[in-house]
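First comes the structure, then the notes that go with it.
The values are calculated or read from the model by the stated rules, or taken from the named source; none is laboratory data. It should be emphasised that the depicted structure is a prediction, and the values quoted were computed from it without experimental measurement. Note that each Cβ is placed from the backbone with ideal geometry, even for glycine, and that neighbours are counted across all protein chains shown.
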Amino acid sequence: MTTKDTALLLNSNLIRTHIHAIKKAPFLFFLISFISYTIFSIYQWNTLLVPHFDLAIFSQLIDSYSHFHAPIVDIKGPDYNLLGDHWHPLLIILTPLYWIAPSPLTLLIAQNFFFALSAIPLVRFAYEKLSRKQAFLFSLSYVCSFGVINAILGQFHEIALAMPLFSWGLIAWMRTRYFHSSLILSFLVLVKEDLGVTLAFFGVITLITLLFHERKNNASLTQTIKDNTRYVYSSLFFIVWGGIWFILTMKVLIPFFNTSGHYDYSQQVSVFRDIPDFYAFLWERWPLYLSILFLIVTAGIIGVRSPYFLLILPTLFGRFWGGSTPYWEIFYRHYNAILMPMIFVALLDVLIRHKSKKSQSTGLHTYLYKNSLSFSLACSLILLPISIYEEVDTHTREHMESAQKARVYAQGYKGKNILTDYIFLSYAAHDDNRVFYTLTLGDYKDINVIISDERHWILDDVRQKEGHPMSIQERAETFIPGSQWKIIFSENGYQVLERIQ
């Protein structure tokens with residue numbers, strides 16, 4: 001065998017190995033990340049670590065769908081239709097899961113599946129276009145990214161469905177499969193109302209990118225449209241489809257289902273609301289600026305050069321103007337999750353373009369490109385332990401056995417009208433139970449079970465104002481006039497009461 005034959009054989013083996021990695025890596029990352037996420041979700045569920053408000057809300061939603069009822073969620077208020085809160089009709093696809101396993105834990109596992117699923121197109125495309133080392137670092141950084149991890153730790157949210165839609169849709173666009181991309185991304189408008197704006201903005205970005213590129217090549221506008229017909233039509237589709245659905249959901253659909261006849265969060269995100277102190281307004285949002293810094297580093301710094309990076313702007317703009325503190329925080333639940341596919345597609349886009357140019361430049365430019373994936377992975381791994389470090393509050397930790405006993409009662413009731421507070425919401429939201437939240441005021445005359453952590457009980461304020469202690473029965477009777485209650489369980493501040501009249 002000649003030296004040339006040996007070289008060809010080695011090259012052939014390397015190609016086969018790389019093809020094998022392309023086929024296996026996406027599903028390995030999917031499987032490992034899904035199992036890892038799910039192990040932690042089960043741990044959270046069994047140790048009372050899961051934040052329960054939104055999880056219980058969506059559990060009631062899917063439970064209603066599974067019984068072919070309207071999406072009524074009493075946790076938000078008696079007879080509250082959740083489609084009047086946010087627009088997420090696509091969640092109905094989760095209904096079959098509740099025919100098999102009707103539990104909030106099912107939603108956590110489903111969310112983990114969607115998050116892991118979102119990694120497949122990113123990992124596959126990375127292994128196709130980058131070296132195996134680069135692709136591995138890129139893939140590991142994505143599945144460990146702080147946006148993904150915080151969303152997994154922060155209960156279930158509708159954006160779980162948007163994650164695979166964004167990753168599969170954007171990668172399809174990068175592969176010039178414009179029809180497939182349009183079809184996939186079009187479903188975003190059924191996940192949440194504001195994603196119509198993001199979709200329309202993506203159409204604007206793609207059109208401007210095309211025009212800028214063709215202008216550099218001195219091509220006329222007519223010729224540019226003629227040469228890129230599918231590209232242009234798909235971009236215009238995004239603008240029209242996203243814009244129409246945003247207006248339709250905000251002005252017609254949500255107000256129609258909302259009990260008050262309007263969008264509940266309009267004042268929070270209104271650009272035109274009164275701002276008495278603009279400098280204080282800017283200063284109090286400093287956590288959001290830190291979030292943006294982490295997003296830039298997670299994008300390997302160089303990712304900001306990609307037009308895909310601009311996709312984060314509509315979401316960040318809404319959070320910036322929002323009047324709720326969690327909108328600005330770095331580690332607060334799901335708010336950064338939806339940005340992860342965008343910034344990792346941006347990073348991948350810049351790396352691929354740089355590789356195709358075969359740049360020989362030196363200095364800072366080359367240093368950033370060579371180390372971009374290291375920056376991204378380092379940011380993910382540094383923030384990972386900070387994200388997952390979450391404890392049960394001190395009282396619950398010290399009296400875990402008592403809290404777990406109350407939890408068993410919560411999970412044991414079926415077909416009851418249950419009034420409970422934060423810690424037990426999700427555990428009671430199953431098996432045809434109507435679950436009401438103690439901090440959501442309403443007419444609770446039909447309540448027949450109360451599961452309480454006395455520290456969070458709504459009548460504590462009443463008791464303090466009146467200046468005398470009240471028993472749990474007295475508080476319940478004050479809360480629901482004319483009722484009488486029997487204590488079934490009481491230990492270390494956790495109580496379960498059943499109505500006897």
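The criterion of being in contact with a strand residue (DSSP E or B) (Cβ under 9 Å, 6 or more places away or on another chain) and in contact (Cβ under 8 Å) with a residue 24 or more places away in the chain holds for residue 75. Among the conditions (1) within 26 Å of residue 247 (Cα to Cα); (2) within 18 Å of the chain's Cα centre (by Cα); (3) in contact (Cβ under 8 Å) with a residue 24 or more places away in the chain, residue 169 misses just one, which is (3). If I ask for residues that are within 16 Å of residue 342 (Cα to Cα) and surrounded by fewer than 18 Cβ atoms within 10 Å (Cβ to Cβ), which ones from the range 187-204 would you list? Listed by number, the list holds a single entry, 204.
Condition check ((1) modelled with pLDDT under 95; (2) assigned by TED's automatic domain parsing to the domain that holds residue 244; (3) in contact with an Asp or Glu (Cβ under 7 Å, 6 or more places away or on another chain); (4) not aromatic (Phe, Trp, Tyr)) across all residues:
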residue	(1), (2), (3), (4)
101	yes, yes, no, yes
113	no, yes, no, no
132	yes, yes, no, yes
162	no, yes, no, yes
172	no, yes, no, yes
181	no, yes, no, yes
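Taken over the range 229-263, the criterion of being aromatic (Phe, Trp, Tyr), under 17 Å from residue 191 (Cα atoms) and in a helix (DSSP H, G or I) is satisfied by 238, 241, 245, 246, 257.
Considering the range 383-395 alone, what residues qualify as being modelled with pLDDT of 65 or more and surrounded by 12 or more Cβ atoms within 10 Å (Cβ to Cβ)? 383, 384, 386, 387, 388, listed by residue number. Being under 27 Å from residue 265 (Cβ atoms) and assigned by TED's automatic domain parsing to the domain that holds residue 149 is a property that residue 67 lacks. Please verify whether residue 334 is out of contact with any Asp or Glu (no Cβ under 6 Å at 6 or more places or on another chain) and either more than 20 Å from residue 123 (Cα to Cα) or modelled with pLDDT under 70 (or both), treating the condition exactly as stated. When the stated conditions are applied, residue 334 passes them. Scanning the range 308-320 for residues that are modelled with pLDDT of 85 or more and crowded, with 17+ Cβ neighbours inside 10 Å yields a count of 7. Checking the range 271-291 against the condition returns no match, with no residue being among the hydroxyl-bearing types (Ser, Thr, Tyr), modelled with pLDDT under 90 and not in a helix (DSSP H, G or I). A single member of 212, 125 is among the aromatic types (Phe, Trp, Tyr), more than 20 Å from residue 351 (Cβ to Cβ), in the same structural domain as residue 251 (by TED's automatic domain parsing) and out of contact with any strand residue (DSSP E or B) (no Cβ under 9 Å at 6 or more places or on another chain), and it is 212. When the range 397-430 is limited to residues that are β-branched (Val, Ile, Thr) and part of a helix (DSSP H, G or I), the one that is modelled with the highest pLDDT turns out to be 408. All conditions but one from (1) at pLDDT below 80; (2) assigned to a helix (DSSP H, G or I); (3) over 30 Å from residue 108 (Cα atoms) apply to residue 354; the one that does not is (1). Give the number of residues within the range 367-387 that are within 25 Å of the chain's Cα centre (by Cα) and not small (Gly, Ala, Ser). The total comes to 10.
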